[in-house]
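Heads up: the structure comes next, in structure tokens.
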Amino acid sequence: MSKWGSSIFSFLFLVIGYLGETWFPFVVLGSNIWVLAYLLAYLIVGLPVLNKGWNLILKGEVFTEFFLMGLATLGAIFIGEFPEAVAVMLFYTVGELLQHQAVNKARGNIKSLLDLRPDKANVIRGDEIIILNPEEVSVGETIEIKAGERVPLDGVLVQQGGSFDTSALTGESKPLFKNVGEEVLAGMVNLESLNTIQVTKEFKASSLAKIIRTLQNASSRKAKTEQFIRKFAKIYTPIVTFLAIGLVGIPYLIVEDYQFKDWLYRSLVFLVISCPCALVISIPLGYFGGIGAASRNGILFKGSDFLDRITQITTVIFDKTGTLTQSPFEVQEVKENPQGAKDWMSLAATLEQKSNHPIAKALVKFVLQKKIPLLETEEMKEIPGKGIAGTISGKKVLVGNQLLLEENRIALPFGEENDAFTLIYVAVEGKYCGQFLIADQIKPDAKDTVIALRNNGIQEIFIFSGDKQEVTELVGNTIGVDRAYGGLLPEQKVSLWDELKTDQSRVTAFVGDGINDAPVLALADIGIAMGGMGSDLAIESADVVIQTDQLSKIIQAMEIGKATKSIVWQNIGMAFGVKFLVLSLGAAGIAGMWEAVFADVGVALLAILNAIRINKIF
Ligand code: ADP
Ligand code: MG
């Protein structure tokens, strides 16, 4: 039975019990038979809670909110207050359900942003084509992909080349032509002809599956304020339990005509009143409201704790290429070494076709526009922060920055340095052959984002880039950051970050897109990745993903974090205030169990309304 189903049944039995008891009192062997309806109503919703409490006790965690609810409701049953016992459990269950619905909605939003899971693969087995779920296809099998279909699994093209729309994976809207032998990835769309691929990875291992998995796990990390409930329960529950025991025991020593049953009753009433249901429900609800609002705006928070943390940032560090700058990266100029290999451009573009780096894409585009044919890669390796190396038709080819070529002891020409351009050198068989001069374009919202960050109280803003110092500084000066560090390798980005973190009071956000940013993205207090152009590794390592690559979304993410925080604290304040009031009224004998249950329902409803409010703001 679904949880909604059990809640409805429980409620029906509660009503049956109540109406029956009022209109057809029917007593068998001294007991009211309608009690059976109540007990059924209680068990349907109460058993899962009791079970959870019991399992936690077995793990050594005795004083949890489940223990308190269990004790209070079993006590209520013991003294014959059946409807109250049912009401507490029923209320808690419905509250949880509403909360889960909010989570699922947030996850649904996340998934629709990446709604790419292919649902079938046309597998060629012998003379037959069998339609299977991509998860059932093994490595080495051949599958057919019709024009317009989504590629279901990672594989290599076997019969002929074709154009593929890779936008879902890379954000690049321009179709990419793939030759025979080249890799196509699950999630791409086959644009032209009928194609066949040989599967190279199980669906589980495809990058698409990895992205989907990361996103689905998004809401499982808990925020500090949520952990606060656990800690709070650890203190609150024993206090309440011992007060309740005291309420039974102490009067025995003081009161003259001590009636055990009377005092037991009062103590159990006290327990029921003390159940912190509304508090337990309202805090996560606030966070899921925030996660949902953010995902609707194309900002994916991978856990509620990051909503908290993003409000505490003091230092923001940007990567440059692909983060502050964007395509079109254009090749502005080419310089050639007359003594070098003649087909160096073709060799360079052939290698770069394998890379997702924005510079690589610009280079391939440039070469293809010149109608230079590409070749087949035999072997290739991307060297983050430096470039790419590989073998084509037996020739060793290097494409990358000065560092990469110097490292390989390749003599570079002296020349007039042009500070504004990123230079990409090409060497074939150990010999310098030519260079591409590439200009990046600063994103239109970069400058305004820096200003807005400062207005939001961010004290320091830096750039950590793998590009030359001159280009990095030029970008830094244009958008107004405090310092721009260029020429950094991935591990140097990490050590520079380490240096910043020697000051413990700094809370750092790192914003990046590349493979070379992944280590810092994972280390930083909060890692923010560009989800459109960004590499899978960056997206996986980050805590927050910006689907549209817009820098201004960082400001919005911070605002959503702040709004969520204040809503959560309003809910905590309200739940506490009302609980305290009812407990005081209860101790004074003015409020009983029903008042407590209604107060909880009221608080929870207000908390839900309050949490929904965030959707109106963003
Ligand atoms: P940033 O840290 O600013 O994002 P990257 O670390 O991604 O920059 O790149 C740093 C430098 O490494 C680039 O400016 C380029 O010179 C070189 N580089 C990285 N990847 C490639 C590639 N696929 N092809 C050519 N050069 C590359
Ligand atoms: Mg980058």
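The values are calculated or read from the model by the stated rules, or taken from the named source; none is laboratory data. Here the structure is a predicted model, which means the values were calculated and not measured. Cβ placement follows ideal geometry from the backbone for every residue including glycine, while neighbour counts extend to all protein chains displayed. Ligands, DNA and RNA are excluded from the accessible area calculation, which covers all protein heavy atoms including side chains. Shrake-Rupley method; radii C 1.70, N 1.55, O 1.52, S 1.80 Å.
Values computed for the structure shown
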{"item": "Residue under evaluation Gly60, criteria (1) surrounded by fewer than 22 Cβ atoms within 10 Å (Cβ to Cβ); (2) part of a helix (DSSP H, G or I), criterion not met", "result": "(2)"}
{"item": "Sole exception among (1) without any contact (Cβ under 8 Å) to a residue 40 or more places away in the chain; (2) more than 13 Å from ligand 1 (Cβ to nearest atom); (3) open to solvent by 50 Å² or more (accessible area, probe 1.4 Å) for Gln339, by number", "result": "(1)"}
{"item": "Filtered residues of segment 456-465 (kept if assigned to a loop (DSSP other than H, G, I, E, B) and either open to solvent by 50 Å² or more (accessible area, probe 1.4 Å) or more than 11 Å from ligand 1 (Cβ to nearest atom) (or both))", "result": "Asn456, Gly457, Ile458, Gln459"}
{"item": "Among residues of segment 357-382, those that are open to solvent by less than 70 Å² (accessible area, probe 1.4 Å) and not β-branched (Val, Ile, Thr), counted", "result": "10"}
{"item": "Given (1) over 21 Å from Met530 (Cβ atoms); (2) at pLDDT 80 or above, number of the condition Leu185 does not satisfy", "result": "(1)"}
{"item": "From Lys365, Lys381, residue being at negative phi and part of a helix (DSSP H, G or I)", "result": "Lys365"}
{"item": "Filter pass, Ala484 being open to solvent by less than 30 Å² (accessible area, probe 1.4 Å) and more than 24 Å from the chain's Cα centre (by Cα)", "result": "yes"}
{"item": "Yes/no for Lys370 being touching a residue at least 40 places away in the same chain (Cβ under 8 Å) and either more than 9 Å from ligand 1 (Cβ to nearest atom) or touching a helix residue (DSSP H, G or I) at 6+ places or on another chain (Cβ under 7 Å) (or both)", "result": "no"}
{"item": "Which numbered condition Asp517 fails, given (1) among the acidic types (Asp, Glu); (2) open to solvent by less than 10 Å² (accessible area, probe 1.4 Å); (3) away from ligand 2 (no atom under 16 Å from the Cβ)", "result": "(3)"}
{"item": "Positions within segment 378-406 being more than 9 Å from ligand 1 (Cβ to nearest atom) and farther than 18 Å from Ile515 by Cβ, in sequence order", "result": "Glu378, Glu379, Thr391, Ile392, Ser393, Gly394, Lys395, Lys396, Val397, Leu405, Glu406"}
{"item": "Tally, over segment 548-591, of residues that are open to solvent by less than 20 Å² (accessible area, probe 1.4 Å), farther than 15 Å from Pro276 by Cα and polar (S, T, N, Q)", "result": "1"}
{"item": "Of all residues in segment 466-503 being among the acidic types (Asp, Glu) and in a loop (DSSP other than H, G, I, E, B), the one that is farthest from ligand 2 (Cβ to nearest atom)", "result": "Asp503"}
{"item": "Complete set of residues in segment 13-35 that are touching a helix residue (DSSP H, G or I) at 6+ places or on another chain (Cβ under 8 Å) and either assigned to a helix (DSSP H, G or I) or touching a residue at least 24 places away in the same chain (Cβ under 8 Å) (or both)", "result": "Phe13, Leu14, Ile16, Gly17, Tyr18, Gly20, Val35"}
{"item": "For Glu352: the one exception among (1) within 16 Å of ligand 2 (Cβ to nearest atom); (2) under 22 Å from Thr548 (Cα atoms)", "result": "(2)"}
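Residue by residue, here is whether (1) under 25 Å from the mean Cα position of the chain (by Cα); (2) not in a helix (DSSP H, G or I) holds:
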position: Thr323; (1), (2): yes, yes
position: Pro338; (1), (2): no, yes
position: Leu351; (1), (2): no, no
position: Asn356; (1), (2): yes, yes
position: Leu374; (1), (2): no, yes
